[in-house]
1. Assigning unit charges at the beta carbon (Lys, Arg +1; Asp, Glu -1) and nothing else, what dipole magnitude in debye, to the nearest 20, does the chain show about its Cα centre?
2. GNM on the chain, C-alpha springs below 10 Å: top fluctuator among Leu118, Leu161, Leu143?
3. Please state, rounded to one decimal and in Å, the Kirkwood hydrodynamic radius that region 36-153 gives when every pair of distinct Cα atoms enters the mean of 1/r.
4. Using a basic spin-label model with each label point 7 Å from the Cα along Cα→Cβ, how many nm lie between Lys320 and Lys122?
5. Under a cut-off of 30 Å between alpha-carbon atoms, report the lysines in cross-link reach of Lys142, not counting same-chain residues fewer than 8 places apart.
6. Kindly state, to the nearest 0.05, the FRET efficiency for Lys28 paired with Lys292, given R0 = 45 Å and r defined as their beta-carbon distance.
7. Semi-axes, largest first, in whole Å: what does sqrt of 5 times each Cα gyration tensor eigenvalue give for the chain?
8. Could you tell me what percent of the DSSP beta bridges with both partners in the chain are antiparallel, to the nearest 5?
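The values are calculated or read from the model by the stated rules, or taken from the named source; none is laboratory data. Keep in mind that what you see is a predicted model, and the values were worked out from it rather than measured. Here the Cβ positions follow ideal geometry from the backbone for every residue, glycine too, while neighbour counts run over all protein chains shown. Please note that ligands, DNA and RNA were not included when accessible areas were found on the heavy atoms of the full protein model with its side chains. Shrake-Rupley method; radii C 1.70, N 1.55, O 1.52, S 1.80 Å.
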Amino acid sequence: MKTFILSLLIILSCSLAAISQNRVLTKKIKGETIAGISKSLKENYIFLDTAIRMGDFISRQFKMGVYDTIQTPSVFANKLTTDLMSVYQDGHLSITYDPRAAELEEKPDTVAQRTRRLQFRKEVNFGMEKAEIMPGNIGYLKLKGFFPPDQEAKIAVTAALQFVSNSNALIIDLRDNRGGDPAAVSFFCGFFFKEKTHLNDLYCRHDRSYIQFWAIPETSLQSLKTIPIYILTNNHTFSAGEELAYDLQAQHRALIVGERTGGGAHPVAPEPIGSGFTANIPNSRAINPITKTNWEGVGVRPDKEVIGDNALETGLKLIK
């Protein structure tokens, strides 16, 4: 099952802007696009009743002529996203226009594509933006995202954690973290638990399947099993970034400091619609084994709520 990962955002943003601007957007293409979105929503969106309401709404908008004056595909995609979100505010849901990205989604991965993705992930150090030892022997990690935990990513994550492993306490800064792969969250959490720990489940409506995610204890860096953890958040912390905060909070393994997070607990998969349009449809929902729910729409509530910009200062005071 495809999940929302940061590399998808890069692929979607790499296409030529000129193609988007020059496409002739006919009423026929608009109608076919709306029909395709409605069909894909009904087949894949995590809540069927909401999917039907969304599809019906944009179909009515089309019949009423709301989209008639829109000439630019990207503007049409943005308007469709706004209209869908007016039915239900799902932060993972969007319609995009990018012929090149849509074409790539329909084709198997090539060696060149995998090479480009790996190069990008190296350039951003697999989401490990900063590792630092602060005064008082306090470890600090800034995480921008969670990439699939392949061998290269595991090496980068382990190196960052090793650097802070001798600290008296650890601050994990998730402010502005926009998410990534839930399997990466599980791998990361494996450093902080002594025993195998059930973190999260994903329920997929399409085939009614469940995927379980566990923290599998890493045998290295034993000091991290008991290190006090403080997680910083703001209202831009989203998706897998929220999951890390939510999972560790539910397990009483970390104290959350900062703002309530963005509220996105529905992993998303791209569904090519045709004519260069892609529907990014949330097809699963998280279920925490302790709370029996998730952070969708409500965000992760901090244990110590402060303005995001003040979260680090507050966290340091709490440690002392």
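1. Around 220 debye, computed over the chain.
2. For the chain, modelled as a Gaussian network with Cα springs under 10 Å, the answer is Leu118.
3. 18.0 Å
4. Roughly 4.2 nm, to one decimal.
5. Counting by Cα, and skipping residues close in sequence, Lys142 has these lysines nearby: Lys2, Lys122, Lys130, Lys154, Lys194, Lys196, Lys225, Lys292, Lys304, Lys317, Lys320.
6. 0.45
7. Largest first, the chain gives 38, 21, 18 Å.
8. Rounded to the nearest five, the antiparallel share is 65 percent.
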